[in-house]
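Notes for the one structure printed next.
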Amino acid sequence: MDVSAGAAARILQMPAACLKYLNQAAVRPPCDLNSFAGAGDIVAQPKKDAPMPQAPSAPTDQAAYWNKTGGQAWVDLQDMMDTLNRPIEEALVERAFPGVGKRVLDIGCGAGATTLAMARRLGPDGLSLGVDISAPLIEIAAAQLTQGAQFVQADAQTYDFAGAQFDAAISRFGVMFFGDFDAAFANIRSGLKPGAELVFACWRSPADNPMAVIPGRAAAPFLPPAPPADPLAPGRFAFADAERVRGILARSGWGDIDITRLDAPTPIALPDLVTLSLRMGPVAAALREADETTRGKVREAVETALEAEAVDGVVPMVAGCWLVTARA
């Protein structure tokens, strides 16, 4: 299944030169769509006592990370992240749009860009419900008032959707962090009507996304040795293997599974990419306890490495993704 012509055209028109979930202990109320009162409602109160993790690498750190360090970093960089990821957002919304007045579930909605974009397509009689584990991100999402958009702070792996109520589900890089992938996708399917479509974007391999690797390699000489990453653990590249994704979906009851390459130009100014590399991801985690001298050396090394990739001050980055579709 290919990306639709309209979305592909918008992606290709961009200048050529020019990342969460683990089972959370808090019990959430069932999802009663009739209870949503108005645009911007937050349907669950954020947990305020999540512990600060030392690094976001271990699955048990996901909820704490996105409620503290990671969530706040994304809030601070929201405009940059929304701009950078807009080609993915457009491809998702166009592919998954079920029709005016329908109901769509957005998994791992973050600061709400995809939820809001879908709400605008659905119109005033539709509902676009964004679900995310991060209280800081849900708070900023709910502040962006758009008719038909609602947000709930919850873990989609365990949240009670109270029956099959949705006509479609989408996710932009939000499904690779669950503690139990099979259970999570089975639970998401329970909230969709029979035959409803799931459409999500996930990252392919680090080799297909070199700008995600270069900062870490540049910083490595100045940081303590890091343990080898587990490619199967929850994380940004957990779904790099398309056949693994296909198996997870099949085991959790989905049908008509299709996985297609999506290469979306996401050009970014060099200073912005340096900032992003130092604020989010493995380098940011490693720098959390570093002294100022080490921070300075790492920043200089990352800037030098990324500058080599820039053209006229812009890194012509391409997001190497899978566009995955399946039916409940």
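The values are calculated or read from the model by the stated rules, or taken from the named source; none is laboratory data. This structure is a prediction, so every number in the text was calculated from the model and none was measured. Cβ coordinates were reconstructed from backbone atoms using ideal geometry, including for glycine residues, and neighbour counts include every protein chain displayed. Only protein heavy atoms, including side chains, enter the accessible area calculation; ligands, DNA and RNA are left aside. Shrake-Rupley method; radii C 1.70, N 1.55, O 1.52, S 1.80 Å.
Inclusion of Val75 among residues that are open to solvent by 30 Å² or more (accessible area, probe 1.4 Å) and either basic (Lys, Arg) or assigned to a helix (DSSP H, G or I) (or both) is warranted.
Just a yes or no: is a residue in the range 236-252 under 19 Å from Pro87 (Cα atoms), modelled with pLDDT of 95 or more and touching a Leu at 6+ places or on another chain (Cβ under 7 Å)? The answer is no, given that none of the residues of the range 236-252 is under 19 Å from Pro87 (Cα atoms), modelled with pLDDT of 95 or more and touching a Leu at 6+ places or on another chain (Cβ under 7 Å). Taking the conditions exactly as written (in contact with a strand residue (DSSP E or B) (Cβ under 8 Å, 6 or more places away or on another chain), in a helix (DSSP H, G or I) and among the charged types (D, E, K, R)), does Glu139 satisfy them or not? The answer is yes for Glu139. Taking the range 105-141, which residues are of a type outside the set (Asp, Glu), farther than 21 Å from Thr83 by Cβ and surrounded by fewer than 24 Cβ atoms within 10 Å (Cβ to Cβ)? Those that are of a type outside the set (Asp, Glu), farther than 21 Å from Thr83 by Cβ and surrounded by fewer than 24 Cβ atoms within 10 Å (Cβ to Cβ): Gly123, Pro124, Gly126, Leu127, Ala135.
Residues in the range 192-207 that are charged (D, E, K, R), assigned to a strand (DSSP E or B) and within 18 Å of Arg172 (Cβ to Cβ): Glu197 alone. Please work out which one of (1) open to solvent by 20 Å² or more (accessible area, probe 1.4 Å); (2) more than 29 Å from Leu306 (Cα to Cα); (3) outside any strand (DSSP E or B) is the condition Ala184 fails and give its number. Single failed check for Ala184: (1). Within the range 131-159, residues that are under 20 Å from Arg103 (Cβ atoms) have Cβ atoms under 6 Å from residues that are among the basic types (Lys, Arg) and open to solvent by 10 Å² or more (accessible area, probe 1.4 Å) in these pairs: Ala154/Arg28; Tyr159/Arg28, counting only partners at least 6 apart in sequence or on another chain.
All of (1) in contact with a Gly (Cβ under 6 Å, 6 or more places away or on another chain); (2) at pLDDT below 95; (3) not aromatic (Phe, Trp, Tyr) hold for Val213 with one exception: (1). Given the criteria over 18 Å from Ala201 (Cα atoms) and open to solvent by 10 Å² or more (accessible area, probe 1.4 Å), does Asp155 qualify? No; evaluated as a whole, the condition is false for this residue.
Selection of the range 285-319 for residues being of a type outside the set (Val, Ile, Thr), closer than 21 Å to Ser205 by Cβ and surrounded by 16 or more Cβ atoms within 10 Å (Cβ to Cβ) yields Ala285, Ala305, Leu306, Pro316, Met317, Ala319.
Determine whether the range 24-37 contains at least one residue that is crowded, with 20+ Cβ neighbours inside 10 Å, closer than 29 Å to Ala212 by Cβ and at pLDDT below 90.
Just the residues of the range 24-37 that are crowded, with 20+ Cβ neighbours inside 10 Å, to begin with: 24, 31.
From what is left, the residues that are closer than 29 Å to Ala212 by Cβ are 24.
Now restrict to residues that are at pLDDT below 90: 24.
Yes: the range 24-37 contains one or more residues that are crowded, with 20+ Cβ neighbours inside 10 Å, closer than 29 Å to Ala212 by Cβ and at pLDDT below 90.
Considering the range 229-258 alone, what residues qualify as being part of a helix (DSSP H, G or I), open to solvent by less than 40 Å² (accessible area, probe 1.4 Å) and aliphatic (A, V, I, L, M)? Before you say what the answer is, go through the steps one by one.
Initial filter on the range 229-258 (part of a helix (DSSP H, G or I)): 242-251.
Those left that are additionally open to solvent by less than 40 Å² (accessible area, probe 1.4 Å): 242, 245, 247-249.
Correct list: Ala242, Val245, Ile248, Leu249.
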